[in-house]
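Taking it in order: structure first as structure tokens, then the write-up.
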Amino acid sequence: MKIMIDTVKNTLIQIEDGQKIETELYSKLGFEIISKLWNKVGWNEKYAYTFTWQGRPIIQLPEDMIRMQEVIYTLRPDVIVETGVAHGGSVIYYASLCKLLGKGKVVGIDIDIRPHNKVAIQDHVLSSYITLIEGSSTEEKVLKEVAKIIDENEKVLVILDSNHTKEHVLSELECYKNFVSVGSYMVATDGVMQDLYDVPRGSRVWKENNPVSAIKEFVSKNANFILVQPKWLFNESILTENITHWPMAFLKKMK
Ligand SMILES: C[S@@+](CC[C@H](N)C(=O)[O-])C[C@H]1O[C@@H](n2cnc3c(N)ncnc32)[C@H](O)[C@@H]1O
């Protein structure tokens, strides 16, 4: 793909697979084309590996976290289940939202919670909001522990951020679909992998082997889940699309 930007004439030309798109630089389309490339370059440079939340590294694009905050503010879940804890930044982030909302608890699952991360999460001021479970997210034993934590009629939101192969995400979607409440979401993160197969730190196999492939297969077999981009709660722009590492991530349970 070739992009030519002229900041004197204020034009942007993109040529991809023989197709030419010409637009004003200062336009919705101009912003979308630049953002898509910015996202790929930023991922390669590990931009998402530069943030903390309340002292813990959080491996996320800030826009994704602000959009999640909008979803959680609207939904007001009783339980937020997240697979993939790593350093603990995201479970602490969700716990802080629970504290601010005056409701909710967080369940964090990881196959390998490093001792120093476990101590940091357990010693954190928000630790009372968090239950950690160690094990593979799709293991029977882990799923039983999750089930024990969720009380009847609790509103449950599930975020899948562990192993991002198509096979594992598809298996997680199947394992966690019954935990999600009607009207709530399963969020299968990091679908950006589908666009990263040609960046230096990426892998060719990601073109097919990625969370979006799993999501598409899952929705084709589970008609009670639909793919949505949650509504922005404020928008005084003409923009409509999230700038995200989580494309096609939000699966809303309809019944
Ligand atoms: C991308 S990191 C999670 C980032 C974290 N959610 C955050 O926002 O900072 C992925 C994590 O998934 C964990 N993981 C990998 N395979 C897993 C599996 N089968 N079950 C549970 N966790 C897994 C890894 O140990 C790693 O800590």
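Determine if region 202-213 includes at least one residue that is within 16 Å of the ligand (Cβ to nearest atom) and within 28 Å of Ile130 (Cα to Cα). The answer is yes, given that some residue of region 202-213 is within 16 Å of the ligand (Cβ to nearest atom) and within 28 Å of Ile130 (Cα to Cα). For region 93-102, taking the residues that are more than 9 Å from the ligand (Cβ to nearest atom) and surrounded by 19 or more Cβ atoms within 10 Å (Cβ to Cβ), the one that is nearest to Ile130 (Cα to Cα) is identified as Ala95.
More than 12 Å from the ligand (Cβ to nearest atom), surrounded by fewer than 16 Cβ atoms within 10 Å (Cβ to Cβ), without any contact (Cβ under 8 Å) to a residue 60 or more places away in the chain and at negative phi, is that true of Glu24? Judged against the criteria, Glu24 is a match.
For Asn117, the conditions (1) polar (S, T, N, Q); (2) at positive phi; (3) within 13 Å of the ligand (Cβ to nearest atom) all hold with the exception of (2).
Yes or no, residue by residue, for (1) crowded, with 16+ Cβ neighbours inside 10 Å; (2) touching a residue at least 60 places away in the same chain (Cβ under 8 Å):
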| residue | (1), (2) |
| --- | --- |
| Tyr73 | no, yes |
| Gly84 | yes, yes |
| Gly89 | yes, no |
| Asp110 | yes, no |
| Val119 | no, no |
| Asp123 | no, no |
| Ser128 | no, no |
| Val146 | yes, yes |
| Ile150 | yes, yes |
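Taken over region 36-65, the criterion of being touching a His at 6+ places or on another chain (Cβ under 8 Å), under 18 Å from Leu196 (Cβ atoms) and of a type outside the set (A, V, I, L, M, F, W, C) is satisfied by Asn39, Gln60, Asp64. Return yes when Pro57 is within 16 Å of the ligand (Cβ to nearest atom), surrounded by 14 or more Cβ atoms within 10 Å (Cβ to Cβ) and within 30 Å of Leu143 (Cα to Cα) and no when it is not. Yes: the conditions hold for Pro57. Selection of region 118-142 for residues being part of a loop (DSSP other than H, G, I, E, B) and either hydrophobic (A, V, I, L, M, F, W, C) or more than 14 Å from Val107 (Cα to Cα) (or both) yields Asp123, His124, Val125, Leu126, Thr138, Glu139.
Quick note: the coordinates plus some simple rules give every number you see, no bench work behind them. Keep in mind that what you see is a predicted model, and the values were worked out from it rather than measured. For neighbour counting, all protein chains shown are included, and Cβ atoms are generated from backbone atoms with ideal geometry for every residue, glycine included.
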